[in-house]
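The values are calculated or read from the model by the stated rules, or taken from the named source; none is laboratory data. Source: prediction; values computed, not measured. Virtual Cβ from ideal backbone geometry, glycine too; neighbours counted across all protein chains shown. Remember, those area values only see protein heavy atoms, side chains included, never the ligands or the DNA or RNA. Shrake-Rupley method; radii C 1.70, N 1.55, O 1.52, S 1.80 Å.
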Amino acid sequence: RPMPYPPQPPAVKPLINQLLHQTKLSSQFYALRHGQSLANVKKIISSDPQVSTVKHGLSELGKEQARLAGRSFASDYCKRDGPTGSISALRGVAIFSSDFTRARERSIFADELAKSKIPLYNDDIILETRLRERFFGDLNGGPDTRYRDVWNIDLKDADHTEFHVESANSVLHRTTKLVLELDEILERQQSAQSKGSAKTEDSCWKCILVAHGDVLQILQTGFLRHPDASRHRNLEHLETASIRELILHE
């Protein structure tokens with residue numbers, strides 16, 4: 001006896017990691033975690049935009065960390081073009097930052113690049129809400145020891161919203177989608193400015209994403225082509241004021 005309706009194909013799961021099938025990127029991407037913040041000092045979770053965009057900026061140590069990180073990056077950047085430190089062949093640096101206060105204050109980092117006359121995309125740091133810290137819901141304002149409670153569940157279910165937190169997969173989706181959008185924008189400008197010139201590694205933009213611990217841990221799983229964000233805590237921890245190149249896994 002024939003079935004009263006045709007069998008339905010299995011539902012296609014939506015693509016979470018927008019970099020999963022990406023073959024290459026035109027820009028070089030870097031993750032830069034903000035320096036020590038006043039929330040770090042108090043050992044509290046600060047993830048509510050209504051609070052974190054106006055409070056919990058960098059501590060004095062955090063400001064010094066930002067200064068040293070900028071100086072180190074500028075030094076490495078200039079060395080790429082020979083012993084004289086000339087930057088004539090280099091495209092420049094594009095900095096996109098979370099609008100949370102502790103990330104916004106990374107202008108200290110950019111000041112160090114300016115001292116080395118490194119070109120800055122649009123002559124400014126561009127604020128991007130998709131780089132905000134993962135929202136920790138009911139745990140916001142509480143002790144940072146509660147992070148572990150969320151991470152333990154992430155490992156089993158990266159879609160969970162226990163304690164009304166933003167899911168790890170939600171963070172993975174918004175950040176990897178942002179990377180693709182930024183890469184396209186920077187590629188268009190690079191192509192417009194380089195007509196007739198051969199592209200080299202040094203002619204591409206170096207794009208620095210200034211953000212937060214969980215956001216950058218999760219974004220790294222995107223570059224590693226993980227299908228979801230469940231294993232983000234298995235990766236090497238990104239300390240405050242640390243910068244790490246994000247390389248698309250082959």
### Summary
Among Glu162, Glu184, the single one that is at pLDDT 95 or above, within 16 Å of Phe29 (Cα to Cα) and open to solvent by 70 Å² or more (accessible area, probe 1.4 Å) is Glu184
### Task
Kindly indicate which of Ala94, Ala114 is under 23 Å from Thr221 (Cα atoms), touching a strand residue (DSSP E or B) at 6+ places or on another chain (Cβ under 9 Å) and either modelled with pLDDT of 95 or more or open to solvent by 20 Å² or more (accessible area, probe 1.4 Å) (or both).
Ala94
### Filtered residue count, segment 1-20, keeping only those that are within 30 Å of Arg225 (Cα to Cα) and at pLDDT below 95
8
### Message
Please go through (1) open to solvent by less than 40 Å² (accessible area, probe 1.4 Å); (2) hydroxyl-bearing (Ser, Thr, Tyr); (3) modelled with pLDDT under 95 for Ser59 and return the number of the only condition it doesn't satisfy.
### Response
(3)
### Summary
Residues in segment 14-52 that are open to solvent by less than 30 Å² (accessible area, probe 1.4 Å), farther than 23 Å from Ala158 by Cα and in a loop (DSSP other than H, G, I, E, B) total 3
### Task
Please specify each residue of segment 212-250 satisfying the condition of being closer than 17 Å to Asn152 by Cβ, open to solvent by 40 Å² or more (accessible area, probe 1.4 Å) and at pLDDT 95 or above.
Asp228, Arg231, Arg233, Asn234
### Summary
Leu68 passes all but one of the listed conditions (1) more than 19 Å from Ile125 (Cα to Cα); (2) open to solvent by 50 Å² or more (accessible area, probe 1.4 Å); the exception is number (1)
### Query
Name the pairs: first residue in segment 131-153 and at positive phi, second residue modelled with pLDDT of 95 or more and open to solvent by less than 70 Å² (accessible area, probe 1.4 Å), Cβ to Cβ under 7 Å, at least 6 apart or on different chains?
Gly137/Phe163; Gly137/Val165; Gly141/Ile44; Gly141/Ile45
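If I ask for residues that are more than 21 Å from Ile45 (Cα to Cα) and open to solvent by 40 Å² or more (accessible area, probe 1.4 Å), which ones from segment 121-148 would you list? Outline the logic, then answer.
So the first thing to find is which residues in segment 121-148 are more than 21 Å from Ile45 (Cα to Cα), and the list is 121-127.
Within segment 121-148, Asn122, Asp123, Asp124, Ile126, Leu127 qualify.
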